[in-house]
1. Kindly evaluate A73 against the criterion of being surrounded by 14 or more Cβ atoms within 10 Å (Cβ to Cβ), among the aliphatic types (A, V, I, L, M), without any contact (Cβ under 8 Å) to a residue 24 or more places away in the chain and out of contact with any Phe, Trp or Tyr (no Cβ under 7 Å at 6 or more places or on another chain).
2. List pairs: first residue in region 234-252 and free of Cβ contacts under 8 Å to residues at least 24 places away in the same chain and not assigned by TED's automatic domain parsing to the domain that holds I287, second residue open to solvent by 10 Å² or more (accessible area, probe 1.4 Å) and not hydrophobic (A, V, I, L, M, F, W, C) anywhere in the structure, Cβ distance under 8 angstrom, at least six positions apart or on different chains.
3. Going by the conditions given, is G120 surrounded by fewer than 20 Cβ atoms within 10 Å (Cβ to Cβ) and either in contact with an Asp or Glu (Cβ under 9 Å, 6 or more places away or on another chain) or of a type in the set (G, A, S) (or both)?
4. Could you tell me whether region 27-44 includes any residue that is more than 19 Å from L293 (Cα to Cα), open to solvent by 60 Å² or more (accessible area, probe 1.4 Å) and in contact with a helix residue (DSSP H, G or I) (Cβ under 7 Å, 6 or more places away or on another chain)?
5. Given the options V150, V135, name the one that is surrounded by fewer than 19 Cβ atoms within 10 Å (Cβ to Cβ), of a type outside the set (S, T, Y) and within 15 Å of the ligand (Cβ to nearest atom).
6. I'd like the full set of residues that are modelled with pLDDT of 95 or more, more than 16 Å from the ligand (Cβ to nearest atom) and among the small types (G, A, S), limited to region 240-275.
7. Would you call Q196 more than 11 Å from the ligand (Cβ to nearest atom) and at negative phi?
8. With the structure loaded, tell me whether E18 is free of Cβ contacts under 8 Å to residues at least 12 places away in the same chain and within 27 Å of V365 (Cβ to Cβ) or whether it fails that test.
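The values are calculated or read from the model by the stated rules, or taken from the named source; none is laboratory data. Note that the coordinates shown come from a computational prediction; the quantities given were computed from them, not determined experimentally. Virtual Cβ from ideal backbone geometry, glycine too; neighbours counted across all protein chains shown. To get the accessible areas, we keep the full protein, side chains included, count just its heavy atoms, and leave off ligands, DNA and RNA. Shrake-Rupley method; radii C 1.70, N 1.55, O 1.52, S 1.80 Å.
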Amino acid sequence: MNQAAAPADAIDWARIREDFPVLRREVHGKPLVYLDSANTGQKPAQVIEAVDDFFRHHNANVSRAVHALGTEATDAYEGARRKLAKFLNVRGDELVLCSGTTFAINLVAYSWALPRLQPGDAIVVTRMEHHANIVPWQLVAERTGATIKVAEIDERGDLDLEQLYGLLTPEVKLLAVAHVSNVLGTVNPVRDICRQARKRGIVTVVDGSQAAPHRPLDVAAIGCDFYAITGHKMAGPTGTGALWARREHLDAMPPFLGGGEMIKQVRFEGTVFNDAPHKFEAGTPNIAGFIGLGAACDYLSAIGMDNIEAREQALLEYATGRLDATEGVRIFGRAREKAAVISFLVEGAHAHDLATLLDLEGVAVRSGHHCAHPLMQHFGVPATCRASFAFYNTFEEVDAFIAAIAKVRQLLL
Ligand code: PMP
């Protein structure tokens, strides 16, 4: 687990913000107010420098060369795996490094689900899943004859647990659930959900994309079978991520992609695969990216994930209060436990127009369906705007965001 360096209110957040070079820039002549961290997180200089240092001083391929640079690259890459494993509180030999959550979930779909599911089996997903945790299961269902059942949400945006547990009948083989919703910010009680599933022999896949960057994580304690994360949302480079899986699954699963690195011996008569996790890491990996992700784990841990969570909760509370006090604003999602993500609309404005006008004020929010069409369908809207916060945001930025909304409303009225 991450060690808190100091209580959140004793931390010099203004100093920490200075670690993020991009936050010093202006857009359209206004100071950038970056409220799109759920989409991708900004990178501190420590991460940028780790990537830069690798290319300047150590660049070589991993596991293929005995020369000094090759050994350094391999050590740094495997060191990054250990850092990420520690960050998630899992074993390094159960952590498959891959390009992100999308790859991680597809790996489970193709290597675990596809060979196992049969006609009559069912997969449960929730209404609030990102497309990355829906479409792979649809592809599996199509090819195996399995069906998909949907766990619904209540008016606050919390999962309806009674309905969910009612869905967990004997034909259900797999349950896929987000730890934190990228649209509503809902924090799902994944520990309880996984316990209920496990009691019934159902395998669980938890999408941790929006959890890992924002709260202390103890993946081992969640009790899931698979946990997916993506590095670019947690201060790391794009094209990095991981799948944690129980060793028994990794050993039983066939490889997803074939090629170099994932083998022990190749003969035309047959190939002996490497042990997991390398069995699932065919080809040259994103070495520099993972070294950057290792640096990101160090960086976040040094601040303390509980401090990061406390800071973001304070920003969420302040921004929600100010939005609630702004006429014509509708917020989507009032979950009991919520991460610092606010989906909203302003009366009379289309989400894309709103985001475009906010951008002219320097405020970057995302607009669209947020890769969650079924959730948009549920709310009966084609799109929303989403402001998502990170620990490097400030209360003054929340004020600038609210002022920009007020200005846009004036324009639109
Ligand atoms: N799941 C959730 C909840 C997400 O927010 C995202 C990123 N928007 C993903 C999955 C996909 O992550 P990636 O594209 O990095 O694989």
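1. Numbers: surrounded by 14 or more Cβ atoms within 10 Å (Cβ to Cβ): yes; among the aliphatic types (A, V, I, L, M): yes; without any contact (Cβ under 8 Å) to a residue 24 or more places away in the chain: no; out of contact with any Phe, Trp or Tyr (no Cβ under 7 Å at 6 or more places or on another chain): yes.
So A73 fails the test.
2. none
3. Numbers: surrounded by fewer than 20 Cβ atoms within 10 Å (Cβ to Cβ): yes; either in contact with an Asp or Glu (Cβ under 9 Å, 6 or more places away or on another chain) or of a type in the set (G, A, S) (or both): yes.
Yes: the conditions hold for G120.
4. Checking region 27-44: at least one residue is more than 19 Å from L293 (Cα to Cα), open to solvent by 60 Å² or more (accessible area, probe 1.4 Å) and in contact with a helix residue (DSSP H, G or I) (Cβ under 7 Å, 6 or more places away or on another chain).
5. Numbers: V150 fails: within 15 Å of the ligand (Cβ to nearest atom).
So the residue among V150, V135 that is surrounded by fewer than 19 Cβ atoms within 10 Å (Cβ to Cβ), of a type outside the set (S, T, Y) and within 15 Å of the ligand (Cβ to nearest atom) is V135.
6. Of everything in region 240-275, those that are modelled with pLDDT of 95 or more, more than 16 Å from the ligand (Cβ to nearest atom) and among the small types (G, A, S) turn out to be A245, A252.
7. Details: more than 11 Å from the ligand (Cβ to nearest atom): yes; at negative phi: yes.
So Q196 passes the test.
8. Details: free of Cβ contacts under 8 Å to residues at least 12 places away in the same chain: yes; within 27 Å of V365 (Cβ to Cβ): yes.
Here the answer is yes, as E18 does meet what is asked.
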